[in-house]
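Working notes for the structure below.
The values are calculated or read from the model by the stated rules, or taken from the named source; none is laboratory data. Nothing here was measured: the structure is a model prediction, and the numbers come from that model. Cβ atoms come from the backbone with ideal geometry, glycine included; neighbour counts cover every protein chain shown. Remember, those area values only see protein heavy atoms, side chains included, never the ligands or the DNA or RNA. Shrake-Rupley method; radii C 1.70, N 1.55, O 1.52, S 1.80 Å.
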Amino acid sequence: MSTSAASGTTAPQSVREVDAVVVGAGFGGLYMVHRLQEMGLTVQAYEAAPDVGGTWYWNHYPGARTDCEGYYYCYSFDPQMLQEWTWKERYPTQPEMQSYFGYVADKFDLRRHYRFATRVETAEFDEASGRWQVRTDTGERTSATYLVTAVGILSAPNLPDFPGIESFEGQWLHTAYWPAEGVDLAGKRVGIIGTGSTGVQAIPLLAEQAEHLTVFQRTPNYVIPARNRAVSQQEMDEIKTRYDEVWAKVRRHWFSFPFENANLLAGSTDEQERTRVYEKAWEYGGFPFLFSFDDLLFDTAANDSAAEFVRDKIRAAVTDPAVAEKLTPRYPFGAKRPPSGSGYYETFNREDVDLIDVSGNAIAEITAHGVRLADGTEHEVDVLVFATGFDASTGALTRMNIVGRDGETLAGKWAPGPRTHLGIGTHGFPNMFMITGPQSPFTNIPPCAQNTADWIADAITHINATGGALMEATEQAQDAWTEQITAIAEQTLLVAGKDVHSWFTGTNVEGKAPVINVFFGGADKYMDICEQEAADGYSGFEIHTPAVATR
Ligand code: N01
């Protein structure tokens, strides 16, 4: 045990020595802590929120629920847990997700490893000791051999720099920090900026709760109906009999869903049959629509057919053709992550909802009473909601002040865009491992996060077995990975609309480097690559011996 002088006049804080620090109590963090405790390692975990849940702790906004079905948007590592837990709705609500996290934390006694309501302020790699020195906003100091970040892909809120926000006399909120006790919107004029997945979920409920809703839309989305419903006991019982099959399918699927490939190409299917397939997927609801044909994300004509099908649905749902036109996207289907909605388009038929297109008439400033556009028109509101998304993939990491070898900051290193190997390690930051890091796949998150935590646990076992001390991605491997993920993404239509703001490419945040942040080669292939990497003795990583580590 060593001591370190705290700054200012506070007394020196003792430094706790542990094997690993884990940051985050969402899907990745909780499971990582479970694995490390099973391995007999000492763990100190931190979570900025007062309880477990990660993104599902924070996102209390009206309408917040998953858009993957509960039975596969969960952990798979414990068969007993799969039998014990029963999902109530097809797409669990935020409270249901939070209960699930509480159940997992209690079952495996994970809370005792955490300090909640504690944010990591700095994590600095100390070359002399070869250890990570971690400091929190409560002044706590911890020294660890391993630093595992599980801070989420979409957790660092993005609040665009609208001039005048401080002059607003009403109440304003970002959806990611919605108060758990809710906000009373009765009799209020509410404005919402943003029509991504969050806005799409919130808008129908805000319209019901408020006296009047003004939606500020910059880019319309392709919204697929979610078709939420209660899950019957009988259905849940049946799912529980085939979980092995569910997880086997998940492991083989591009986006970690328990679906088979369509084995059909829209490009070589006649129009009548194509429409029948789209109709069936539309009626079923949710993500399967995206997978109704295997070429939708690769072939422009195929993509156009899906895009046009959705555009027709928008025209059919919205009674005012001018409003329908504003709601109709023109970029490739999938170039922005398609949201799932419940009564989204129909909401714009309400008398008390206005849609304001700010694509060619940008928001110029927030005034004392509302929002003023570039042409001078002002829209008065009492409550202003920012559903403006996240500094995705990198934001939660670069905001944490992580400092690697030679005093290099992660934020500085990644200013031109992240460079990682497998989205797990980055050169210059030895023994730092990332779960759902930048350049890893964007998929149904729980299976992929669980898989990466397992990979990290195995890597740590390997380091110990080889008598090494530090594992670090090589520069060569991270350059090759960056090239590979860019080349793969460019073969898809997911990043085809380069002028489309998307968190896939960082173009949703002003001033952020416009690079591919996601591995789009398929979660199944990604897991194969990670397995191969381990089988090859972690060839994209250098493992330093203790002598080198302490030089
Ligand atoms: O954020 P977004 P989100 N002026 O970035 C607008 C996951 N998620 O929180 O499109 C005007 O998608 C912006 O406009 P534009 C899911 O992966 C999952 O909604 O950039 N508007 C856009 O409309 C999702 O993809 C779930 O032109 C501005 C909106 O703000 C991801 O999180 C639920 C603006 C931001 O949309 C992010 O979704 C919710 C400006 N200056 C989220 N700046 C489920 O599991 C931004 N906008 C169900």
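Figures for the structure shown
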item	result
Scan of the range 174-183 for residues that are in contact with a strand residue (DSSP E or B) (Cβ under 6 Å, 6 or more places away or on another chain) and either open to solvent by 20 Å² or more (accessible area, probe 1.4 Å) or assigned to a strand (DSSP E or B) (or both), ordered by number	174
In the range 468-489, residue farthest from the ligand (Cβ to nearest atom) [restricted to those that are touching a residue at least 12 places away in the same chain (Cβ under 8 Å) and farther than 26 Å from residue 430 by Cβ]	488
Number of the exception - residue 500 against (1) surrounded by fewer than 19 Cβ atoms within 10 Å (Cβ to Cβ); (2) away from the ligand (no atom under 16 Å from the Cβ)	(2)
Pick from the range 348-373, criterion of a type in the set (D, E, K, R) and away from the ligand (no atom under 11 Å from the Cβ), ranking: surrounded by the fewest Cβ atoms within 10 Å (Cβ to Cβ)	351
Counted residues, the range 184-205 - those being surrounded by fewer than 20 Cβ atoms within 10 Å (Cβ to Cβ) and closer than 12 Å to residue 384 by Cα	1
So residue 490, is it touching an Asp or Glu at 6+ places or on another chain (Cβ under 7 Å), among the charged types (D, E, K, R) and in the same structural domain as residue 132 (by TED's automatic domain parsing)	no
Residue in the range 210-231 that is assigned to a helix (DSSP H, G or I) and at pLDDT 95 or above present	no
Residue identified as closer than 30 Å to residue 452 by Cβ and open to solvent by 40 Å² or more (accessible area, probe 1.4 Å) among 411, 396	411
The lone exception for residue 101 - which of (1) within 28 Å of residue 401 (Cα to Cα); (2) of a type outside the set (S, T, N, Q); (3) more than 23 Å from the chain's Cα centre (by Cα); (4) in a helix (DSSP H, G or I) it fails	(3)
Matching residues, the range 319-347, being open to solvent by less than 20 Å² (accessible area, probe 1.4 Å) and either more than 15 Å from the ligand (Cβ to nearest atom) or not in a loop (DSSP other than H, G, I, E, B) (or both)	324, 340, 341, 344, 345, 347
Pairs, first at pLDDT 95 or above in the range 504-528, second basic (Lys, Arg), C-beta under 7 Å, six or more apart	524/251; 524/252; 527/251
Selection from the range 55-94 of residues that are in a loop (DSSP other than H, G, I, E, B), within 12 Å of the ligand (Cβ to nearest atom) and of a type in the set (S, T, N, Q)	59, 66
Matching residues, the range 146-170, being away from the ligand (no atom under 11 Å from the Cβ), among the β-branched types (Val, Ile, Thr) and buried (at least 22 other Cβ atoms within 10 Å of the Cβ)	148, 149, 151
Unique residue being among the polar types (S, T, N, Q) and without any contact (Cβ under 8 Å) to a residue 40 or more places away in the chain when the list is 409, 388, 394, 367	409
Near pairs, Cβ below 7 angstrom, 6+ apart or cross-chain, from the range 442-457 (of a type in the set (Gly, Ala, Ser)) to any residue that is outside any helix (DSSP H, G or I) and surrounded by fewer than 22 Cβ atoms within 10 Å (Cβ to Cβ)	457/39
The range 222-235: number of residues that are surrounded by 14 or more Cβ atoms within 10 Å (Cβ to Cβ) and under 27 Å from the mean Cα position of the chain (by Cα)	8
Hits in the range 374-385 - residues which are touching a residue at least 24 places away in the same chain (Cβ under 8 Å) and open to solvent by 10 Å² or more (accessible area, probe 1.4 Å)	379, 380, 382
The range 234-275: number of residues that are assigned to a helix (DSSP H, G or I), touching a residue at least 60 places away in the same chain (Cβ under 8 Å) and not basic (Lys, Arg)	6
Any hit, the range 127-142, residues being outside any strand (DSSP E or B) and among the aromatic types (Phe, Trp, Tyr)	no
Condition check for residue 35: away from the ligand (no atom under 16 Å from the Cβ), modelled with pLDDT of 95 or more and basic (Lys, Arg)	yes
Residue among 232, 197 that is of a type in the set (S, T, N, Q), more than 30 Å from residue 405 (Cβ to Cβ) and more than 11 Å from the ligand (Cβ to nearest atom)	232
